[in-house]
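What follows is a short report on a single structure.
Bear in mind that the values in this text are calculations on the coordinates, not laboratory data. Note that the coordinates shown come from a computational prediction; the quantities given were computed from them, not determined experimentally. Note that we place each Cβ from the backbone using ideal geometry, even for glycine, and neighbour counts take in every protein chain shown.
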Amino acid sequence: MKAAVLVFPGINRERDMARTLKLTSGHEPAMVWHADSELPAGTDLVVIPGGFSYGDYLRCGAIAARSPIMDAVRSFAGKGGLVLGVCNGFQILCEAGLLPGVLMRNENLRFICRDVYLRVERSDTPFTRGYNAGQVIRVPVAHGEGNYIADGETIARLEGEGRVVFRYSSPDGMIDPNWNHNGAINAIAGILNERGNVLGMMPHPENHVEPAIGVTDGRGLFAGLTEALGRAA
Amino acid sequence: MKARITVTLKTGILDPQGKAIEGALRSLGVEGVASVRQGKVFDIEIEGSDRAQAEALLKQAADRLLANTVIENYHVQVLG
């Protein structure tokens, strides 16, 4: 794996992400500054971490989405390269037009920082091959704007094409408004682009990979990615 | 030239901030408020004096950055 972790002013989860990538793949990722216009040669995975790029000014992710490195990411994704956006990274991917829809203020207007349960909807993607379809994983969230929404036609397409890969659920995998902490439509926590090579998700799988933390449910995502990329190489 | 771009949420898009403000106005006893939607205002100074050019520039600014047209509408005014 030759991962590139993008760094924007105001991002604060890039070191968690780099640590997890190193731990799970054995390879140190490159840290790539937003003002760069090219990804390092041989990059096979771009990760946009969480945080508060540009202080969430204007709209979450809006300014980062228009930075020079994002043109390189767009062309990388256009060639089928794998892109993972977590939290602010998901917001940036939506603002950049690489994923449809938008992440609105949480329904209860509060910043929510705690563990949630996710139902993995598919295991046949490079991002989720480390899980079984229907498996429930426990991962943390930390966001004020995670309430996913898109127009009705887009939602119908996402659902019809099986592009919702993670949903907020109860610990036993039931979709229930009580377990949908931010009010996202259809309890959507993570979606794929049309081609299936760009994933955006609000929760932080990178924070649940080490036994010392007590939960390692995020590991499957990175182990799966490592395996997918190892196979492609 | 002075100009103003107003960005508002599209009809049907949930606006929790507007709802909270609406509730606060009610609890303050401000009578007769049917609903509140929150938006953004950008006051922009433009170089030059060509009105048509200014409008084109403002439209570009709104489309490319100031509004997310998935959920927002915008209105451009050249104030002169």
Give, as a single signed number, the net charge of other residues whose beta carbon lies under 13 Å from the beta carbon of A:ASN197, with Lys and Arg counted +1 and Asp and Glu -1. +2
Virtual paramagnetic centre 7 Å along Cα→Cβ of B:ARG64, amide N under 16 Å, in the range A:55-69: A:62-69
Find the centroid of the Cα atoms in the range B:1-52 and in the range A:35-101, then give the distance between the two in whole Å. 29
For B:LYS40 and B:LYS10, what does the FRET efficiency come to when R0 = 22 Å and r is the distance between their Cβ atoms, rounded to the nearest 0.05? 0.95
Take peptides B:59-66, B:2-9 and line them up by average Cβ neighbours within 10 Å, highest first, as a rough protection proxy. B:2-9, B:59-66
Among A:ALA212, A:ALA18, A:ALA142, which one shows the biggest mean-square fluctuation in a GNM of chain A, springs joining Cα atoms closer than 10 Å? A:ALA212
Against the longest alpha carbon principal axis of chain B, how many degrees, from 0 to 90 and to the nearest 10, is the axis of helix B:51-61 turned? 60
With the contact rule set at Cα under 8 Å and sequence spacing of 6 or more, what percent relative contact order holds for chain A? 20
Shape call, the range B:2-78: gyration tensor on alpha carbons, a/c limit 1.5: prolate
At R0 = 41 Å, FRET efficiency that the Cβ-Cβ distance of A:GLU161 and B:ALA20 yields, to 0.05: 0.70
Would you mind checking B:LYS19/B:LYS59; A:LYS2/A:LYS79; A:LYS2/A:LYS22 for any pair whose Cα atoms are more than 21 angstrom apart? B:LYS19/B:LYS59
Total formal charge among the other residues, if their Cβ is under 12 angstrom from that of A:VAL164, Lys/Arg +1 and Asp/Glu -1: +2
Say the dipole of the protein assembly as shown comes from +1 at the beta carbon of Lys and Arg and -1 at that of Asp and Glu; which of A:GLY78, A:PHE222, A:GLY61 then lies farthest toward its positive end? A:PHE222
Answer in debye to the nearest 20: the dipole magnitude of the range A:3-232 about its Cα centre, from +1 Lys/Arg and -1 Asp/Glu charges placed on Cβ, is 140
With +1 on each Lys and Arg Cβ and -1 on each Asp and Glu Cβ, and nothing else charged, work out how big the dipole of chain B is about its Cα centre, in Debye to the nearest 20. 180
Around A:ILE69, under 11 Å between beta carbons, what's the net of Lys plus Arg minus Asp minus Glu among the other residues? -1
Quick one: work out the % antiparallel among DSSP beta bridges in the protein assembly as shown, nearest 5. 70
Chain A: most fluctuating residue of A:ASP217, A:ASP56, A:ASP172 per GNM, C-alpha cutoff 10 Å: A:ASP172
Starting from one equal scatterer on each C-alpha and no solvent at all, send me the Debye-based log10 I(q)/I(0) for the range A:3-232 at q = 0.11, 0.14 Å⁻¹, two decimals. -0.47, -0.80
Projecting the Cα atoms of B:ALA34, B:LEU57, B:VAL7 onto the charge dipole of chain B, where Lys and Arg contribute +1 and Asp and Glu -1 at Cβ, the residue farthest towards the positive end is B:ALA34
